[in-house]
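The values are calculated or read from the model by the stated rules, or taken from the named source; none is laboratory data. As the structure is a computational prediction, the values presented were derived from the model and not from experiment. Cβ placement follows ideal geometry from the backbone for every residue including glycine, while neighbour counts extend to all protein chains displayed.
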Amino acid sequence: MHNTIILYLSLIIADFLERFWKWRRVIGSFAFIIVILTSCVIAYISNSIIPGFTLPLGFPCFCPLDPIAD
């Protein structure tokens, strides 16, 4: 019983890795675009809603928040 479960799980993981390797460029480029787009949207919305919130503070990838903590 447990051996068949392990066998099925290993087959599922092998299939996932094969498909992931096949589509790695599409997945990587889409993920990069989504992260940049989400950062821009959050930065502009935060800039318009929060008074005194500058636009560079909305981009945590490019402007670390350590100076704010000091």
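Exactly one residue out of ILE33, ILE6 is free of Cβ contacts under 8 Å to residues at least 24 places away in the same chain, under 30 Å from GLY58 (Cα atoms) and aliphatic (A, V, I, L, M), and it is ILE33. Looking across segment 41-55 at every residue that is of a type in the set (A, V, I, L, M) and part of a helix (DSSP H, G or I), the one that is surrounded by the most Cβ atoms within 10 Å (Cβ to Cβ) is identified as ALA43.
Here's the yes/no breakdown for (1) part of a helix (DSSP H, G or I); (2) modelled with pLDDT of 85 or more; (3) over 15 Å from the mean Cα position of the chain (by Cα):
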{"position": "ASN3", "(1), (2), (3)": "yes, no, yes"}
{"position": "ALA14", "(1), (2), (3)": "yes, yes, yes"}
{"position": "TRP21", "(1), (2), (3)": "yes, yes, yes"}
{"position": "GLY28", "(1), (2), (3)": "yes, yes, no"}
{"position": "SER39", "(1), (2), (3)": "yes, no, no"}
